[in-house]
Every structure is written in C-alpha cells, then in structure tokens.
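Structure first, commentary second.
We did not get these values from a lab; they are worked out from the coordinates using the rules stated. Fair warning: this is a prediction, and the values are worked out from it, not measured in the lab. FYI the Cβ positions are ideal-geometry reconstructions off the backbone, even for glycines, and counts take in every protein chain you see.
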C-alpha cells in the first residue's frame, strides 16, 4: 500500500503542474508525463531494458508497437516525449481517461468512420510539428505470447493525415516483450500473467503486479521505415509487423533471428 500511496501523492503533485503547462506553455507539456511514467514504473517495480535506437527528438516519428498491457503506456512513456493514439472509450474511463487527456492522447471512434478524418488531421499536425505519436497497430492487447495482425488502415490514416500523397512518414517499429519477474526469465504462464487482455479486470491485475514486484520488460527499436512515395501502407505494415515479430521472438527465446 505504501507504493500505491507514493504513486497517488506523486500524481496529485504532477497533475496541476501539467494542467498549467498545457495552458501556458503547450510546447513544454511533454516533460512532466515522462516523470509521471517513471514514477509509475518505480512504484510498481517495472524494470525496462532498451535495445536499438529510438527516434531522435523533434523528427515527428510514427511509433508503431504491439500492445500487451496497460503497463505499456508507462513503459514507453518513461523513455521520451510522445503522445498516444487510443480508442475513444478510454476517454471515459475514470482517472485513466483524465490522465490520458493530460498527455494529449488522440482518441479514435472506431464506430464512426467520419470521425477518423478529424483524428488523422490532428495526427498529421502533431507529426508535422515534430511530435512522436505512438500507434498500437494490433488495435487491442494480446496475451503476451502471440502477436495479432497489424492493421494497415491505421498506418494509412497516419499517411493520409500529412495531406500530400507525395509526403513521407518515418515509421519506427517498437517491440514490447514482458520477459518475467525479478530478473528471472519466464515462459508462457509468466507472460500471460503480465498481459492485460480479454476480460481481465484492471484492479486484480494491478494487485498482482504489486504483489509479485519486479516485472521485467524489454523494448526493442527496429530500423526506421519510410512510408510514402515508394513504400505503400500495406508494405510498411508488413515490414513493421515482421520487425516486431522477430524482436519479440528473440526476447522470448534468447536467440537472434535466423
């Protein structure tokens, strides 16, 4: 309970500062979320190992990752300034929706195709302004072992958002793999415990993470892929999915891809 109390107090201290930053200095509002996510990881005992090269600051990269758990948000957010693309339902979640909005999350209403255009336009503005945008291309969370098919339509919306058919978007693949607890490599059972998917409720999963402590996660950045003039959205999606799949296989088995 001490760690939850520390997280609560830290959150209460950072929230008004972030609200003020969004109002008075929007260009600097990306620094405080990093501190918040690092606080989350420390209080929950989540330890990250990072391999590969993330996007340089200010390039406006589209980060395409697999999705395993609600922990993904803080694991990625603790590394650098960025914003996320999430389903519209998240905006209405108690506490979580409020915190997500403070990080300028973009919400997609999957039931209304007309709403996607507005989100795509905002995404294009963010990328053009040099912001990094995280997209979970599976569209939902997986079980920690299997990778669900990536949706090319989501990458297509990002490219369309640039407003010019000849423009290019740099896509950075990111593989997220929860490898075990307290430095000990885990198997399918451990990866399933760390995953948040299906009908799993948030509080029991949070309680498990707190009780076990020391969750280990590996982040692997793939080589950037330029989507646009020569690489279609479907080809870019295939290349990103392949890079993420290989990186996750290596993290799970400990062997480099053939």
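Specify whether the C-alpha gyration tensor of the chain places it in the rounded, prolate or oblate class, a ≥ b ≥ c being the square roots of the eigenvalues: rounded for a/c under 1.5, otherwise prolate if a/b is larger than b/c and oblate if not. Write out the running numbers ahead of the final one.
On the way: a/c = 1.68, a/b = 1.14, b/c = 1.47.
Judged from the Cα gyration tensor, the chain comes out oblate (a/c at least 1.5, b/c at or above a/b).
Of 217, 244, 96, the residue with the greatest mean-square motion in the GNM of the chain, using alpha carbon springs below 10 Å, is 96. Computed from the Cβ-Cβ distance with R0 of 35 Å, the FRET efficiency linking residue 153 to residue 59 stands at 0.90.
Subtracting the Cα-Cα distance of residue 253 and residue 11 from their residue separation scaled by 0.36 nm leaves 83.4 nm.
Between the alpha-carbon centers of segment 56-78 and segment 213-250, tell me the distance in whole angstrom. Distance between centres, Cα-based: 12 Å. Fully extending the segment from residue 189 to residue 88, taken as 0.36 nm per residue of separation minus the present Cα-Cα distance, adds 33.3 nm.
Counting only DSSP H runs of at least 4 residues, each contributing -39500 (n - 2.57), and dividing by the residue count of the chain, the helix-based mean residue ellipticity at 222 nm comes to -14000 deg cm²/dmol. Here the contact order of the chain, divided by its residue count and restricted to Cα pairs under 8 Å and six or more residues apart, works out to 23 percent.
Among 172, 107, sorting on how many other beta-carbon atoms sit within 10 Å of each Cβ, with the fewest leading, yields 107, 172.
How much length is gained on full extension from residue 146 to residue 235, taking 0.36 nm per residue of separation minus their Cα-Cα distance? It would help to have the intermediate numbers written out before the result.
Details: separation 89, 0.36 × 89 = 32.04 nm, distance 2.12 nm.
Stretched out fully, the residue 146 to residue 235 stretch lengthens by 29.9 nm.
With a simple spin-label model that places each label point 7 Å from the Cα along the Cα-to-Cβ direction, the separation between residue 128 and residue 226 comes to 2.0 nm.
Starting from the Cα gyration tensor of segment 6-57, take the square roots of the eigenvalues, sort them a ≥ b ≥ c, and report rounded, prolate or oblate (rounded when a/c is under 1.5, otherwise prolate if a/b is larger than b/c, else oblate). Judged from the Cα gyration tensor, segment 6-57 comes out oblate (a/c at least 1.5, b/c at or above a/b).
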